[in-house]
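The values are calculated or read from the model by the stated rules, or taken from the named source; none is laboratory data. From a predicted model like this one, the values you see are computed outputs, not experimental measurements. Cβ atoms come from the backbone with ideal geometry, glycine included; neighbour counts cover every protein chain shown.
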Amino acid sequence: MKITGFSFIRNAIKYDYPIEESLRSLLPVTDEIIVAVGKSDDKTLELIQKIDKKKIRILQTVWDDAKREGGRVLAEETQKAYDAIADNPSGEGKINTPDWAFYLQGDEVLHEADYPVIRAATEKYRDDERVDGLLFKYKHFYGSYDYLGASRRWYRREIRIVRPPRFALRPQHIYSYKDAQGFRKDDGRKLRVKEIDAYIYHYGWVKPPAAQMQKQQTFNKYWHDDEWMKKNIPSAAEFDYSNIDSLVRFTGTHPAVMKERIRSKNWHFDFDISRSRYTLKEKISGFIERITGYRPGEYKNYIKI
């Protein structure tokens, strides 16, 4: 069985993305990783080049900064890496198509404890053509490595393993959807997926406050126009992490590849977990979820089978 990973990144050092940790966590469960590295203002390209020259294939790209609606440019960069999987000839000049394509974003990391589950699932569903992809659970860290997001603002699951681009064999092509959070088929249909008992550790909201503020001031431009930015994104030097509705303390272990990054954290964030700011609607929804496991009104960009 062959699995190809794919990802995209730009200005990883400037915005303090754990892209090195992300790719290193993906290496043990993939045979190759394709990374679309956007033209950056820092040494992101050099960083990726140093990780693993044998298993990481770099695709140098240029982002279209003029696209400022719905985060579409992020999906386009994802698509570049995904489509490049098909452009991978073997020694005989034939397309060496993998069985699965494994996607991680630059702030997402796998835990080594989940490797056996991932391997078992990819083997189990490899030849089951009903299954378009595999669905992962999420741990969203916020403010520091000690807290997890606990409210409805955080998505609980998303597709991270999909079928590779077999253009000549599969009747429906898979593409990166909207702002690159998930995937769809080229006729707009949702993917049919199997949920597995493995997690994505999402660290996008754990950065030094200055780097987080820079990210907010830059990345929101891929969703909104200048007027919205003026009204909603402050020009402060540092991000205020205290403006959050609800968190819980994380009691588990982080992926081993994150050890040094966590050790070198140079800012402090603390939160009173007994404090929450929920509307009545959110309280009712939370009660239903705790009792039944069902989240009313939850957006699902997939069909579980």
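Numbers for the structure displayed
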quantity: Of residues in region 100-127 being among the acidic types (Asp, Glu) and at pLDDT 95 or above, the one nearest to Pro164 (Cα to Cα); calculated: Glu123
quantity: Failed item in (1) surrounded by fewer than 23 Cβ atoms within 10 Å (Cβ to Cβ); (2) at negative phi; (3) under 18 Å from the mean Cα position of the chain (by Cα), with Ile51 passing the rest; calculated: (3)
quantity: Filter result for the condition that a residue is surrounded by fewer than 17 Cβ atoms within 10 Å (Cβ to Cβ), of a type in the set (Ser, Thr, Tyr) and at pLDDT 95 or above, over Thr279, Thr292, Thr253; calculated: Thr253
quantity: Contacts under 7 angstrom Cβ, first residue in region 218-234 being without any contact (Cβ under 8 Å) to a residue 40 or more places away in the chain, partner surrounded by fewer than 15 Cβ atoms within 10 Å (Cβ to Cβ) and of a type in the set (Val, Ile, Thr), 6 or more apart; calculated: none
quantity: Among the residues listed as Asn266, Asn243, Asn232, the single one being out of contact with any Cys (no Cβ under 9 Å at 6 or more places or on another chain), loosely packed, with under 14 Cβ neighbours inside 10 Å, modelled with pLDDT under 90 and within 26 Å of Leu110 (Cβ to Cβ); calculated: Asn266
quantity: Enumeration of residues in region 197-229 that are basic (Lys, Arg), over 17 Å from Asp146 (Cα atoms) and at pLDDT 90 or above; calculated: Lys215
quantity: Any chance Asp179 is of a type in the set (Asp, Glu), crowded, with 22+ Cβ neighbours inside 10 Å, touching a Leu at 6+ places or on another chain (Cβ under 9 Å) and at negative phi; calculated: no
quantity: Output for region 126-148, where each listed residue is assigned to a strand (DSSP E or B), surrounded by 17 or more Cβ atoms within 10 Å (Cβ to Cβ) and within 18 Å of the chain's Cα centre (by Cα); calculated: Gly133, Leu134, Leu135, Phe136, Tyr138, Lys139, His140, Phe141, Tyr142, Leu148
quantity: Test: residue in region 103-120 that is small (Gly, Ala, Ser), closer than 28 Å to Pro296 by Cα and not in a loop (DSSP other than H, G, I, E, B); calculated: no
quantity: The one condition in (1) of a type outside the set (Asp, Glu); (2) modelled with pLDDT of 95 or more; (3) closer than 30 Å to Ile262 by Cα that Gly71 fails to fulfil; calculated: (2)
quantity: Pairs where the first residue, in region 114-142, is over 30 Å from Arg153 (Cβ atoms) and the second is β-branched (Val, Ile, Thr) and assigned to a loop (DSSP other than H, G, I, E, B), C-beta under 8 Å, 6+ apart; calculated: Tyr125/Val131; Arg130/Ile305
quantity: One residue from Thr78, Thr44 being crowded, with 19+ Cβ neighbours inside 10 Å, among the hydroxyl-bearing types (Ser, Thr, Tyr) and more than 25 Å from Tyr199 (Cα to Cα); calculated: Thr44
quantity: Region 108-125 - residue that is under 30 Å from Trp267 (Cβ atoms) and surrounded by 16 or more Cβ atoms within 10 Å (Cβ to Cβ) and, of those, nearest to the chain's Cα centre (by Cα); calculated: Glu108
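Yes/no matrix, rows are residues, columns are (1) free of Cβ contacts under 8 Å to residues at least 60 places away in the same chain; (2) in contact with a Phe, Trp or Tyr (Cβ under 8 Å, 6 or more places away or on another chain):
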| site | (1), (2) |
| --- | --- |
| Lys14 | no, no |
| Leu27 | yes, no |
| Ile34 | yes, yes |
| Asp42 | yes, no |
| Ile51 | yes, no |
| Lys55 | yes, no |
| Thr61 | yes, yes |
